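A short write-up of the structure that comes next.
The values are calculated or read from the model by the stated rules, or taken from the named source; none is laboratory data. What you see is a predicted model; the values in this text were computed from it and never measured. Note that we place each Cβ from the backbone using ideal geometry, even for glycine, and neighbour counts take in every protein chain shown.
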Amino acid sequence: MSVHNRQLSAKRNIGRSVSLLKAFRYEGSNPEQFGIIMAQDTVNRLSEYLDLSDKIVVDVGGGSGYVGELLRQVGASAYTVEYDENEMVLGEHSFTGGVRGDGRYLPIRDSIVDVSYSSNVLEHVEGPALMLEEMARVLRPGGLLYLGFTNWLSPWGGHETSPYHYLGGSWSARRYERKYGRAPKNLFGLSLFKLHISDVLKWAKSAKSLDIQAVFPRYYPKWTNFVVKIPLIREVITWNLVIVLKKTSNV
């Protein structure tokens, strides 16, 4: 895999934000380019917390494996766990370096992973706490749980049915089907669920073996971190939240 987006800033500045927002233009027309850009940003963000060389990383719900491939290029031992076989192919890129599995029941032993990573998956999981607990279980002490997700009340919370999801998930899905003649890919109540920042933060704060290292809006510059400290407002403005936790013990 070659990376064509060397202009993507490694720092969380306005230039990076603009590049990421522009990348969404490619999501449908050039999914490979979109996947590469997002994978590069993932490696940049993870590299802020640790040297990835020789680290074991699991990407939970990693689709066709772009993140895993780029992680291996920087020296990590990276493995992808993907549940949906339809997500294992993106454009001309096919799944490698992993297994098919459910994030709520990871096929991985306890305490052997240095980084447990997942992006834009948790909102598609019924029973998200099960997946979070599994991501924590496989981490060794000192390892990082790095999670990104789209919260329900964000402008993109309904995914392709947005912004009509504000009028109800089921209603927006029916509207989409009436308009386009097919059901949305992300069907409310089956493959897309209401997920709130407050609920994930509550879980993280109650996890006895995890310490919160950072919480921030994924696509925004670093100076916007304060937004996530404002209840209610953060649910709408954040768009996509990242939370980073360190495992302190196997308790």
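In table form, for the structure just shown:
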item: Where Gln40 falls short, out of the listed (1) farther than 16 Å from Tyr219 by Cα; (2) crowded, with 17+ Cβ neighbours inside 10 Å; (3) among the polar types (S, T, N, Q); result: (1)
item: Matching residues in region 225-251 - criterion: being without any contact (Cβ under 8 Å) to a residue 12 or more places away in the chain and not charged (D, E, K, R); result: Asn225, Phe226, Val227, Ile230, Leu232, Ile233
item: Complete set of residues in region 213-251 that are over 30 Å from Pro163 (Cβ atoms) and assigned by TED's automatic domain parsing to the domain that holds Ile112; result: Gln213
item: Residue in region 13-46 that is modelled with the lowest pLDDT, counting only those that are of a type in the set (Ser, Thr, Tyr) and over 16 Å from the mean Cα position of the chain (by Cα); result: Ser29
item: Whichever residue in region 114-164 is at positive phi and of a type in the set (Gly, Ala, Ser) and, among such residues, is farthest from the chain's Cα centre (by Cα); result: Gly142
item: Strands (runs of 3 or more DSSP E) wholly inside region 63-150 that include at least 1 residues being assigned by TED's automatic domain parsing to the domain that holds Gly35 and in contact (Cβ under 8 Å) with a residue 60 or more places away in the chain; result: 113-119, 139-149
item: Members of region 195-221 that are more than 12 Å from Phe149 (Cβ to Cβ), in a loop (DSSP other than H, G, I, E, B) and under 17 Å from the mean Cα position of the chain (by Cα); result: Tyr219, Tyr220
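Yes or no, residue by residue, for (1) surrounded by 13 or more Cβ atoms within 10 Å (Cβ to Cβ); (2) of a type outside the set (Asp, Glu):
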{"site": "Phe95", "(1), (2)": "yes, yes"}
{"site": "Gly98", "(1), (2)": "yes, yes"}
{"site": "Gly101", "(1), (2)": "yes, yes"}
{"site": "Leu106", "(1), (2)": "yes, yes"}
{"site": "Arg109", "(1), (2)": "no, yes"}
{"site": "Asp114", "(1), (2)": "yes, no"}
{"site": "Pro128", "(1), (2)": "yes, yes"}
{"site": "Leu132", "(1), (2)": "yes, yes"}
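Residue-by-condition table, conditions (1) hydroxyl-bearing (Ser, Thr, Tyr); (2) loosely packed, with under 15 Cβ neighbours inside 10 Å; (3) touching a Leu at 6+ places or on another chain (Cβ under 8 Å); (4) closer than 30 Å to Leu8 by Cα:
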residue: Asp199; (1), (2), (3), (4): no, yes, no, no
residue: Ser206; (1), (2), (3), (4): yes, yes, no, no
residue: Gln213; (1), (2), (3), (4): no, yes, yes, yes
residue: Tyr219; (1), (2), (3), (4): yes, no, yes, yes
residue: Asn240; (1), (2), (3), (4): no, no, no, yes
residue: Val244; (1), (2), (3), (4): no, no, yes, yes
residue: Asn250; (1), (2), (3), (4): no, yes, no, no
